[in-house]
Structures are given as C-alpha cells and as structure tokens.
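Below: the structure, in structure tokens.
Every read-out reported here was derived from the displayed coordinates using simple, explicitly stated rules and does not represent laboratory data. This one's a predicted model, so the numbers in the text were calculated from it and none came from an experiment. Counting neighbours? That spans all protein chains shown, and the Cβs are built from the backbone with ideal geometry, glycine included.
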Amino acid sequence: MTAKGLAIDSATGGYWILRSDGQVDAFNAPALGGLTGLPSGVRPTGIAAGPGESYYVLTSDGDVHGFGTPARGSLFGKLPAGRTAVGIATDNATGGYWILTSNGGVSSFRAPWWGSMAGKLAAHQSATGITGQ
C-alpha cells in the first residue's frame, strides 16, 4: 500500500492521508471515511481539503467523492479513452476545485479557469499532480 496524497485541515492544523486502497487516515483532523468497493481498474488519485472540516477524494475515472461536503461536479464519464484524472486542488476563494488530467487538461468546478497544458505535452509526457491554494 502507498500514500497517494495529503490534504491539510485548516480548522485543526491536522491532515488527511489518502492511501492507495482508497482509505483515508486522519491525523489531528476529523475521521470522515474513505472509499470502498471501487470498480476494477479504478484507483484513488488525489485528495484535497474542502470547506470547513471536509475533503474531496478523486478517482482515476474522474469521479469526485465528498466527505463532509457535497461534491461540486466531476469528469466521471467524460474522460477520453486513455486519459485519467490525476489530481485535485481546491480554491479557497470560491470553495470550488480543479481537476487535472493526465494530458495536462484542467477542468474547473465552481473555481476560475485560466487555461491548461492540454495539447501542449509531448506524446511521451503526462501530468502527475496539482497543488491548491
């Protein structure tokens, strides 16, 4: 098992660590749960703190799961073949978030959109992560 990401709880100063099995470990932050029963081939790829004491977990198929807060939208069922969702970051100003895909594309959900690297990466390159505010 490996760690897939870390999100900081601004209310407590603690954090959550997302594990490769979809479970989330809480350290001086509220334990809100994790993912169970993911479909075959779908894996957790990112975690981001949400508003208040909450977080979002992103899966490779573009789905966003809210824990302690509702999800604001996702790319589930909208990713082209061969592309995966690789990271999620929240926008503190709007409470929304951005999703990064393996081709460098960025999708925004209740967050401003300023562009992306989609179509600008070489065939052998892929995006791997994103950091929020």
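Some notes on this structure:
- Backbone amide hydrogens, once placed in the peptide plane, bring Ser60 within less than 5 Å of Arg43, Thr45, excluding anything fewer than 5 places away on its chain.
- For Rg and Dmax of the Cα atoms in Å, computed directly from the structure shown, the correct entry in (i) 13.2, 38; (ii) 14.0, 42; (iii) 32.0, 99 is (ii).
- Among Ser116, Ser74, the ranking by other beta carbons within 10 Å of each residue's beta carbon, starting with the fewest, stands as Ser116, Ser74.
- Judged by the mean number of other Cβ atoms found within 10 Å, the most tightly packed of the peptides 102-112, 30-40 leads the ranking 102-112, 30-40.
- For Leu79, neighbours were defined as the other residues whose beta-carbon sits under 11 Å from its Cβ, and their charges (Lys and Arg +1, Asp and Glu -1) total 0.
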